[in-house]
Amino acid sequence: MTEHRPRGLHGQTVETLAARILSGEWGEGTVLDLPGLREELDISLTALREALKVLAAKGMIDARQKRGTFVQPREHWHLLDADVMRWQTAASGNPGLLDELTEVRTVVEPAAARLAAERANDDDVTALQAALDQMAEAGSDAEASVEADLAFHRALMAATHNNFLRQVERVLAIGLAERDKLVHRNRSTDDPVPSHRKVLDAVVANNPAAAESAMLALVAKSHDDLDRVTRTRS
């Protein structure tokens, strides 16, 4: 998955402002000095306000009369927004965030695997097999491994033929990519192919229970791999 990065002055301004919030430079309740920011970033007040509108739409900031524009508490953020997810996973280095991602995957992906085993067609199986082949060919190439892993999970969600789950996958993929970058750069982690192959085999066999069980085991292994890498790094 190619990571989306906003282009142009508008996108760069949004990224800069978001980074200051995520880094803690601007904590909860911080009132932003708009004239000072406009001068510092060398942009028009209109351009600054347009960037702030993006962050306001994501729940990260708000504006009130007599108070000004200020940073919202994290509980107001739209955490499932793709940009907010990307900013958090890239900036915080917070293992708790990835733990929460694992919890969501444990709820969603085994059920998705069950549906895929019931509904997958030939094209879905071909896409899953292609992703698995890509995973096997990636070997020690961390970037290729990340791409292959994301392709497999994307294909699995597509095989559910449920449009809501496909939307969920787009959000999970951002956090999953950050998790994969940590894990696949560490050569001590296990080969991911066998655990993914069990899921594929169950889908091909139209065995919903086996697919659900295999995916549950895969997510648990994913968590263990991340935990092992995190302990090694600390």
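The values are calculated or read from the model by the stated rules, or taken from the named source; none is laboratory data. For clarity, every value in this text was computed on a predicted model and none was experimentally measured. Because the Cβ atoms are built from the backbone with ideal geometry, glycine has one as well, and the counts that use them run over all protein chains shown. Just so you know, the surface numbers come from the protein's heavy atoms only, side chains and all, with ligands and any DNA or RNA stripped out. Shrake-Rupley method; radii C 1.70, N 1.55, O 1.52, S 1.80 Å.
Restricting region 18-63 to residues that are open to solvent by 50 Å² or more (accessible area, probe 1.4 Å) and β-branched (Val, Ile, Thr), the residue that is farthest from residue 8 (Cα to Cα) is 31. Checked against the criterion of being in a helix (DSSP H, G or I), more than 19 Å from residue 113 (Cα to Cα) and touching an Asp or Glu at 6+ places or on another chain (Cβ under 6 Å), the candidates 180, 149 yield just one match: 180. Pick from region 114-135 the residues that are open to solvent by 60 Å² or more (accessible area, probe 1.4 Å) and over 19 Å from residue 207 (Cα atoms): which of them is nearest to the chain's Cα centre (by Cα)? Looking at residues that are open to solvent by 60 Å² or more (accessible area, probe 1.4 Å) and over 19 Å from residue 207 (Cα atoms), I get 134.
Yes/no per residue for (1) of a type outside the set (Ser, Thr, Tyr); (2) at pLDDT below 95; (3) part of a helix (DSSP H, G or I):
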site	(1), (2), (3)
173	yes, yes, yes
190	yes, yes, no
214	yes, no, yes
219	yes, yes, yes
226	yes, yes, yes
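Selection of region 41-61 for residues being part of a helix (DSSP H, G or I) and polar (S, T, N, Q) yields only 46. Taken together, the criteria place residue 146 among residues that are surrounded by 15 or more Cβ atoms within 10 Å (Cβ to Cβ) and at pLDDT below 90.
Among the residues making up region 64-74, those that are in a strand (DSSP E or B) and surrounded by fewer than 15 Cβ atoms within 10 Å (Cβ to Cβ) are 64, 68.
Among all positions in region 121-143, there is no residue which is in contact with a helix residue (DSSP H, G or I) (Cβ under 6 Å, 6 or more places away or on another chain), hydroxyl-bearing (Ser, Thr, Tyr), on the phi < 0 side of the Ramachandran plot and touching a residue at least 12 places away in the same chain (Cβ under 8 Å).
One line per residue, one yes/no per condition, for (1) in contact (Cβ under 8 Å) with a residue 40 or more places away in the chain; (2) among the hydrophobic types (A, V, I, L, M, F, W, C):
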position	(1), (2)
27	yes, no
43	no, yes
54	yes, yes
57	no, yes
60	yes, yes
63	no, yes
74	yes, no
77	no, yes
